[in-house]
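Shown next, in C-alpha cells, is the structure this report addresses.
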Amino acid sequence: MKYVFLSLFMLGSLFTHAQKNLSPEDLITIGKVSFVSADKANKTVTYRVSQANIQNNNNNTKYYTIGLSSHATPNISSAPAGMDITFENPADDFILSPDKRKVAFSREVEVEKVIGNEVYSDLPLSNAYIYKNLSQRHWDTWEDGKYSHLFIADIVSGYAVKQIDLLKNEKFDCPQKPFGGTEDYLFSPDGQYLLYVTKKKSGKDYAISTNTDIYCYEIATGKTTNLTDGMEGYDTNPSFNADGTILAWQSMSRDGYESDKNDIWIMDWASKTKHNLTSNWDETTSSFRWSEHDSKIYFTAPSKGTVQLFEVNISKDENKIQQLTKGDFDIRSIDAQIDNTLILSRTDMNHAAELYTYNISNKELQQLTHANDAFYKTINMCDIKKRYTRLDNGEELFSWVIYPPQFDPHKKYPTLLYCQGGPQSALSQFYSLRWNFQLMASQGYIVIAPNRTGMPGWGTQWNEDISKDWGGNPIRDYLAAIDDIADEPYVDKNRLGAVGASYGGYSVFMLAGIHENRFKTFISHCGLFDLQSWYGTTEELWFANWDIGGAYWDKSNKAAQTSYKYYSPSKFVDNWNTPIFIIQGGRDYRVPIEQGLQAFQAAQLKGIKSQFLLLPDENHWVLKNQNALLWQREFFKWLKETL
C-alpha cells in the first residue's frame with residue numbers, strides 16, 4: 001500500500017506541474033521585458049517587466065536591477081529618477097544638455113484653427129473640422145490644428161525659463177508623428193547645438209513625401225542649418241560619437257519610398273564631410289549604436305528570416321561589415337555597452353523578448369533576464385523548421401514552418417498560410433502578442449510563413465520587387481508555399497486556411513478570388529480590398545504612389561493602371577466562394593474602415609459564410625488588452641468553426 005500511495009502522490013505532483021499548450025490568456029499576460037538604463041560604474045542594468053491587467057485593461061509594471069554576472073539575481077528597483085523640472089505648460093518629452101543647464105522638450109502648439117467653435121466664437125457647440133489641404137488625418141488621429149514643436153529652455157532652480165520654440169508658427173512636427181520620441185532630437189556632446197528631425201512640408205507636399213531632414217540649431221546664435229540638405233529620403237536617428245567629432249544617422253535615398261534601403265551615414269562634424277558606411281552592402285539596417293571607443297558602429301539588420309547583430313568600422317579606407325551573431329532568433333535592439341559587453345534584446349518564435357549580453361571578445365551570447373522562465377516551464381514548445389520551395393523560375397523560396405507541440409507526423413493536421421504585412425517588413429523570429437505563431441500552432445495548426453517577394457534579408461532586389469507588383473510574384477510565392485507543404489502526408493489538404501493583416505490582409509482578399517478551392521477558410525485583418533477607394537482615403541500617399549504606382553485617374557501611368565486592373569482584390573469577388581472573417585479597426589486611417597466594410601458586404605451579398613469584427617477604438621493594430629484577448633478568442637473560434 002505504501003508503494004501505491006507513493007505512486008499516486010508522485011502522479012498527482014506530475015499533473016500539478018504538467019506542461020500545457022499556450023492559450024490566448026497565457027499570451028496576453030506574458031511578461032514584456034524592456035531595457036531602461038545601464039550603470040557602467042556598477043556594471044548593472046535596470047529593466048522593466050510589464051504584464052497585462054485584463055480586468056483594468058492596462059499594464060502593471062515593475063522595475064529590476066541586475067548585474068552582468070551570468071548567475072546574477074535581479075533586485076526589485078524603482079523607476080529611474082529623472083531631474084525634476086517645472087514647465088510653464090506641460091511637456092510631452094524632454095532631454096537635458098550635457099551640463100544639465102538647458103532642457104529640450106516637445107509640446108503640442110496650436111498653429112491654425114480648424115475646429116468650428118475655434119473658427120466661429122459664436123458657435124461654441126460646433127465640433128466641425130474645416131480643412132483646406134491634405135494631411136487632414138494621420139494614422140489614428142484627425143488633424144486639430146496643433147503640431148508637436150521642439151523647445152529649448154534654460155534651467156534655473158528647477159524651472160524651465162526663457163523658452164524658445166524652434167518651429168514657431170510652422171506646421172511641422174518634431175518629434176515626427178505618430179511614433180517619434182526623444183530619438184528625434186539630441187544635444188551635441190559640447191552642448192553648443194541641438195539637433196532635431198522633422199519634415200518641413202505641409203498639406204499635399206507632406207502627404208506625398210518621405211523627405212525628413214536633420215536640422216542643427218546653434219544655441220548661441222539661434223541659427224538653424226539643414227545638415228542633410230539634398231538627401232531626399234528619410235534621414236533619422238542622429239547620434240554623436242562620444243567626443244562629438246562625428247555624427248551618425250540612418251538615411252534612405254529616394255523620396256516617397258518608405259521601405260528604401262536604410263543606410264548608415266557619418267559626418268565629420270568639423271568639415272561636414274559625409275560618408276555612407278553601408279553603400280556597398282546589399283541589405284538594409286534596422287537600428288544602430290556607436291561602439292564605446294567610437295571605432296565601430298554596431299547595428300541590427302534582417303538576414304535570411306532572422307534579425308542579426310552586425311558591426312561596421314568607420315574608417316573611410318575600408319568599411320568592412322561583419323556579422324556578429326548567427327542563429328534562429330532576432331536581435332531586436334542594441335540597448336547599451338558596458339566595457340566589453342553589449343546589452344541586447346532577443347526573441348524567437350517560442351520566447352518573448354528578454355535581455356541578453358554579448359561578449360565582444362569571445363562573441364558569446366548569454367541570457368541576462370529570465371522574467372518568463374517559470375512560465376515557459378509550464379508551456380509546451382513548438383518545433384520550428386526551415387523549408388525551401390523551388391519556384392517556377394528556379395529561385396528558392398524560404399519559409400518558416402511551425403509545428404504543433406508534440407507533433408505526430410503520422411497524423412494529419414489543418415494548416416495555415418500566414419501572410420505577412422508591411423509589405424516590406426521582415427518575417428523573422430519575432431514574438432508577436434497578436435500574430436503569434438507559437439499560439440497558432442499550440443491550437444493544433446501547422447503554420448507556414450513564407451519569406452515571399454518583398455521581404456528584407458535576402459538582398460535589396462528581392463526586397464524591392466514587390467513594389468507595383470502586389471498581386472504578382474508575392475501571391476505566386478504564397479501559392480507555391482502552400483502547395484509545397486500540402487504534399488506532406490501530415491498536412492490535411494482539405495483543411496487549409498490563409499490568414500494575415502495589412503498587406504497580409506490584402507493577400508488574403510486576393511487569394512480568396514484566385515485560390516481555385518485550395519483553402520477552406522480566410523481571416524483578413526485591416527486588409528486592402530479595393531485599391532481605387534483605398535487610394536482615395538488613405539493618408540500616407542507616398543506609400544500608395546510608390547507601391548501601387550500612382551493615382552487611378554492617371555491613364556498614362558502603366559504601373560498604376562496595372563495595379564488597379566489586375567491587383568485589386570475587389571476585381572475578383574465574383575470568384576469568392578469560401579468562408580471569410582474580416583476584422584477592421586475603426587480608427588485605422590492607413591487602411592480605412594470602408595475596406596473591411598466593402599469586403600464583408602460583398603461576402604454577405606454573395607451568401608458566403610462571413611463574419612465582421614469591428615474594433616471602434618483601435619487603429620491599424622490592437623493595443624487594448626481586452627480587445628486583444630477578444631481578438632484571439634474570435635480568431636480561433638472562427639478557425640474551429642470553419643477548419
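The values are calculated or read from the model by the stated rules, or taken from the named source; none is laboratory data. Here the structure is a predicted model, which is why all the values come from computation and not from measurement. Here the Cβ positions follow ideal geometry from the backbone for every residue, glycine too, while neighbour counts run over all protein chains shown. The protein model used for the area step is the full one, side chains on, heavy atoms only, and it has no ligands, DNA or RNA in it. Shrake-Rupley method; radii C 1.70, N 1.55, O 1.52, S 1.80 Å.
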- Message: Skipping prolines and chain starts, which residues have an amide H placed within reach, meaning under 5 Å, of the one on LEU416, given they are 5 or more residues away or on another chain?
- Response: ILE446, VAL447, ILE448, GLY497
- Message: Give me the percent of accessible area attributable to carbon and sulfur for segment 16-100, probe 1.4 angstrom.
- Response: 46
- Query: Using the Karplus equation 6.51 cos²θ - 1.76 cosθ + 1.60 (θ = phi - 60°), what ³J(HN,Hα) coupling, rounded to whole Hz, does each residue of segment 567-572 give in order, writing x for Gly and Pro?
  - Reply: 10, 9, x, 4, 6, 10
- Can you tell me the dipole magnitude for the chain around its Cα centre, using point charges on the Cβ only (Lys, Arg +1; Asp, Glu -1), in Debye to the nearest 20? 1600
- Any number yet on Rg/Rh for the chain, C-alpha, Kirkwood? 0.97
- Note on the structure: Per the helix-only model, the chain has a calculated mean residue ellipticity at 222 nm (DSSP H runs of ≥4, -39500 (n - 2.57) each, divided over all residues, rounded to the nearest 500) of -5500 deg cm²/dmol
- For THR389, net neighbour charge (Lys/Arg +1, Asp/Glu -1) across residues whose Cβ lies under 9 Å away: -2
- HN-Hα couplings for segment 379-387 via Karplus (6.51, -1.76, 1.60; θ = phi - 60°), in whole Hz with x for Gly/Pro, come out as 10, 6, 7, 9, 7, 10, 10, 8, 9
- the chain: DSSP helices with Cα axial extent of at least 30 Å and average Kyte-Doolittle hydropathy no lower than 1.6: none
- Message: Can you find, among GLN611, ALA544, TRP621, the residue sitting farthest towards the positive end of the charge dipole of segment 502-643, where Lys and Arg contribute +1 and Asp and Glu -1 at Cβ?
- Response: GLN611
- Query: For segment 37-156, what is the convex hull volume of the alpha-carbon atoms per residue, in Å³?
  - Reply: 214
- Relative compactness, segment 538-643, computed as alpha-carbon Rg over 2.2 N^0.38 Å: 1.25
- Pairs LYS204/LYS272; LYS204/LYS468; LYS146/LYS204; LYS200/LYS274; LYS493/LYS609; LYS43/LYS363: which are spaced more than 24 Å apart, C-alpha to C-alpha? LYS204/LYS272
- Note on the structure: Computed over the chain, protein heavy atoms only, probe 1.4 angstrom, the accessible area per residue in square angstrom equals 45
- Query: How long are the three semi-axes of the equivalent ellipsoid of segment 376-467, in whole Å, if each is the root of 5 times an eigenvalue of the C-alpha gyration tensor, listed from largest down?
  - Reply: 26, 16, 10
- Would you kindly state how much longer the chain becomes between ALA18 and THR221 on full extension, computed as 0.36 nm times their sequence separation minus their alpha carbon distance, in nm to one decimal? 66.2 nm
- Quote the convex hull volume per residue of segment 177-290, based on C-alpha atoms, as a whole number of Å³. 113
- Query: Fully extended, how many nm does the chain gain between SER315 and ILE115 (0.36 nm per residue separation, minus their Cα-Cα distance)?
  - Reply: 66.6 nm
- Query: Relative to the compact globular guide of 2.2 N^0.38 Å, what is the alpha carbon radius of gyration of segment 87-176, as a ratio?
  - Reply: 1.31
- Message: I'd like to know which of LEU433, HIS515, GLN420 lies farthest towards the positive end of the charge dipole of segment 413-516, counting +1 on Cβ of Lys and Arg and -1 on Cβ of Asp and Glu.
- Response: LEU433
- If the convex hull is drawn through the Cα atoms of segment 116-231, its volume per residue in Å³: 158
- For LYS168 paired with GLU488, estimate the spin-label separation in nm (one decimal), with each label point 7 Å from Cα along the Cα-to-Cβ line. 6.5
- Task: Would you mind pulling out the separation of the Cα centroids of segment 216-235 and segment 251-318, in Å?
- Result: 20
- Among the aspartates and glutamates, which have Cα under 15 Å from the Cα of LYS40 when same-chain residues fewer than 8 positions away are ignored? GLU292, ASP335, ASP339
- Task: Step through the residues of segment 391-406 one at a time and calculate ³J(HN,Hα) from phi using the Karplus curve (6.51 cos²θ - 1.76 cosθ + 1.60, θ = phi - 60°), rounding each to whole Hz and writing x for Gly and Pro.
- Result: 8, 4, 8, x, 6, 10, 9, 8, 9, 8, 10, 10, 9, x, x, 6
- Note on the structure: Highest mean packing first, using Cβ neighbours within 10 angstrom, the peptides 54-62, 28-36, 589-597 sort as 589-597, 28-36, 54-62
- Task: Let me know the charge dipole size of segment 239-353 about its Cα centre in debye, to the nearest 20, where only the beta-carbon of Lys, Arg (+1) and Asp, Glu (-1) is charged.
- Result: 100
- Computed from the beta carbon distance with a Förster radius of 35 Å, FRET efficiency for GLN601 and LYS412 to the nearest 0.05 stands at 0.50
- Which of the peptides 405-413, 388-396 is most tightly packed, and how do the rest follow, judged by the mean count of other Cβ atoms within 10 Å per residue? 405-413, 388-396
- Task: Provide the descending list of Cα extents for segment 304-430 along its principal axes, expressed in whole angstroms.
- Result: 54, 47, 27
- What is the sum of charges around ARG346, taking Lys and Arg as +1, Asp and Glu as -1, for the other residues whose C-beta is under 10 Å from the C-beta of ARG346? -2
- Task: Keeping every protein chain in place, order LEU125, LEU194, LEU186 by accessible area at 1.4 Å, biggest value first, i.e. largest first.
- Result: LEU125, LEU186, LEU194
- Note on the structure: Other residues with Cβ under 12 Å from the Cβ of ASN451 give, with Lys and Arg +1 and Asp and Glu -1, a net charge of +1
